[in-house]
1. For the stretch 229-247, how many residues are polar (S, T, N, Q) and open to solvent by 40 Å² or more (accessible area, probe 1.4 Å)?
2. Based on what the data block shows, is LEU523 under 29 Å from the mean Cα position of the chain (by Cα), touching a residue at least 40 places away in the same chain (Cβ under 8 Å) and surrounded by fewer than 18 Cβ atoms within 10 Å (Cβ to Cβ)?
3. Mind checking which helices (runs of 4 or more DSSP H) fall wholly inside the stretch 132-190 and carry at least 3 residues that are over 15 Å from the mean Cα position of the chain (by Cα), farther than 16 Å from THR233 by Cα and at pLDDT 90 or above?
4. Going by the conditions given, is PRO442 surrounded by fewer than 24 Cβ atoms within 10 Å (Cβ to Cβ), without any contact (Cβ under 8 Å) to a residue 12 or more places away in the chain and more than 19 Å from the chain's Cα centre (by Cα)?
5. Pick from the stretch 128-178 the residues that are free of Cβ contacts under 8 Å to residues at least 24 places away in the same chain and among the charged types (D, E, K, R): which of them is surrounded by the fewest Cβ atoms within 10 Å (Cβ to Cβ)?
6. All but one of (1) in a loop (DSSP other than H, G, I, E, B); (2) of a type in the set (Val, Ile, Thr); (3) under 26 Å from GLY166 (Cα atoms); (4) modelled with pLDDT under 85 hold for ILE369; state the number of the condition that does not hold.
7. Which residues, counting only those in the stretch 36-70, are touching a Lys or Arg at 6+ places or on another chain (Cβ under 7 Å) and part of a helix (DSSP H, G or I)?
Amino acid sequence: MKKLKLGLLAGASVLSLCFLLAPMITLAAEEEAAQMPSMYATFWALVPPIVAIVLALITKEVYSSLFVGILVGGLFYSGFSFEGTFNHIFNDGFIAVLSDGYNVGILIFLVVLGAMVSLMNRAGGSAAFGHFAKEKIKTRAGAQLATIALGVLIFIDDYFNCLTVGSVMRPVTDEHKVSRAKLAYLIDATAAPVCIIAPISSWAAAVSGFVEGEDGFSIFIRAIPYNYYALLTIVMMITIVLLNIDFGSMRTHEKNALNGDLFTSGNAASNNETNTKNPKGKVIDLVIPIIALIISCVIGMIYTGGFFQGESFVSAFSNSDASVGLALGSIFAMLLTIIIYLIRRVLSFGECMECLPSGFKAMVPAILILTFAWTLKAMTDSLGAAVFVADAMEKSAGGLMILLPAIIFLVGCFLAFSTGTSWGTFGILIPIVVAVFANSNPQLMIISISACMAGAVCGDHCSPISDTTIMASAGAQCNHVNHVSTQLPYALLVAAVSFVTYIVAGVVQNPWIPLPIGILLLLGCLFAIKGMNRKKDLS
């Protein structure tokens, strides 16, 4: 109740401030305002997502926080007109994002994945796999390392990674008393950070498409050794698991998990279905559907890229439509799963059909948050946030060239954090980097492109309005704000080390010297944290 009152008070304060500022910032005539808002391409364009993020972290309530951010964006766009605000929010916001083909494909993929998880739980496959894994994986560290390994193996797409790894590993990590917040972090940290260094992934295809006038795929390959945030995140995960290092609010979650509370302040009711036992269920009732899902989604993606029309595998993957491919693949995998369960008599046809709405219900929170996040991004785009950042980057590009990779990394972090999109950040910053360095310093161009990718992934990793972050929460069935608040210190530590590493990279312009320095610096920080934790435990 206190959190609700705090959220309402904070939201009312923000709206009151906006209305008080209205006379100062509505300067354009009505006709001009209808075409271009007075705040277009100014710092005000970044205020709506910042408001939403700050409110979410303060109130621990994500739906109202996102809606307040959307409302602020609508007010800014319309010049504080009541009718204009709500027309913009609903027509250009909610209705537009829910009628967008790419977004609809992702929602279909989410719903089908939810149905498949419900089918596997009802069939007893998840429980059987959890029992099997308990015999094979003896320790908490082993359960976490297995989660990391599976996340690294599923490098095709970050959405697919989040939901698949969560579905498979939840029974295992629950058995070994790993908190849902820790599971969500491991899922999130093996999604975008792994996809951005995988040559055959939807992310590689996206980045390659933004490098105009150059061999995008070749540049992507050459940029991998400089992608310090992604590489150091993997080092970070393995180190904290092996050395049992946790800090920030994650430490509290992990201590509570050891005492049987996997959620700390989240809703533990979502775990009830996972514990459903079917005496007919076997490990193959989880393994076969997951393998079918992976194969079907890969085929679906290369199908959309023209593989069956004669394109090569790499080319088809580069040209694929991840949204359509994942939707097609997941639907085919779900139909195959139902057929297998009926043949094995694990579930009746009626029970299979009951799992469809059950899976949809499980994904409603993720769908709601995604819809709000997409709408907030639409508000930010309509205010020209991308134009503002692009102009700022072009004005500063002629300055300290050696420090530019580190600066680009920070700008990428901030932009992706504020807007919740990595791909949008690529699209803004990479063309600027290519224009600045292509004819002057190709090596620094590679470093700067990698810094842009790393910054975008870092900001996306930290942002509560990022679709990947939302998917990781859904995959782990973890309270979304809990996931964001627990992983933020981890991501910020790696970001700080990456920033220093990019300064070194700008000076030496060699991939193999900065990375060992970054790894040593990160390990030094983690050992220092472990020492501080030991002192706290002894005191």
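1. As a first pass, look at the stretch 229-247 and keep what is polar (S, T, N, Q): 233, 239, 244.
The next check asks that each one be open to solvent by 40 Å² or more (accessible area, probe 1.4 Å); those that pass are 244.
The total comes to 1.
2. Details: under 29 Å from the mean Cα position of the chain (by Cα): yes; touching a residue at least 40 places away in the same chain (Cβ under 8 Å): yes; surrounded by fewer than 18 Cβ atoms within 10 Å (Cβ to Cβ): yes.
Yes; evaluated as a whole, the condition is true for this residue.
3. On the way: elements: 140-153, 158-175, 180-189.
Helices (runs of 4 or more DSSP H) meeting the threshold: 140-153.
4. Numbers: surrounded by fewer than 24 Cβ atoms within 10 Å (Cβ to Cβ): yes; without any contact (Cβ under 8 Å) to a residue 12 or more places away in the chain: yes; more than 19 Å from the chain's Cα centre (by Cα): yes.
Answer is yes for this residue.
5. Per the stated criteria, the residue is GLU135.
6. Here ILE369 meets the rest and fails (1).
7. Just the residues of the stretch 36-70 that are touching a Lys or Arg at 6+ places or on another chain (Cβ under 7 Å), to begin with: 59-61.
Of everything in the stretch 36-70, just one residue is touching a Lys or Arg at 6+ places or on another chain (Cβ under 7 Å) and part of a helix (DSSP H, G or I), namely THR59.
Each row is one residue, and each column tells you yes or no for (1) more than 18 Å from the chain's Cα centre (by Cα); (2) at pLDDT 80 or above.
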| position | (1), (2) |
| --- | --- |
| VAL211 | yes, no |
| SER218 | yes, no |
| ASN227 | no, yes |
| ILE240 | yes, yes |
| ASN271 | yes, no |
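The values are calculated or read from the model by the stated rules, or taken from the named source; none is laboratory data. Just so it is clear, the model here is predicted, and its values are computed rather than measured. All Cβ positions, even for glycine, are placed from backbone atoms using ideal geometry, and neighbour counts span all protein chains on display. For accessibility, only protein heavy atoms count, side chains too; no ligands or nucleic acids. Shrake-Rupley method; radii C 1.70, N 1.55, O 1.52, S 1.80 Å.
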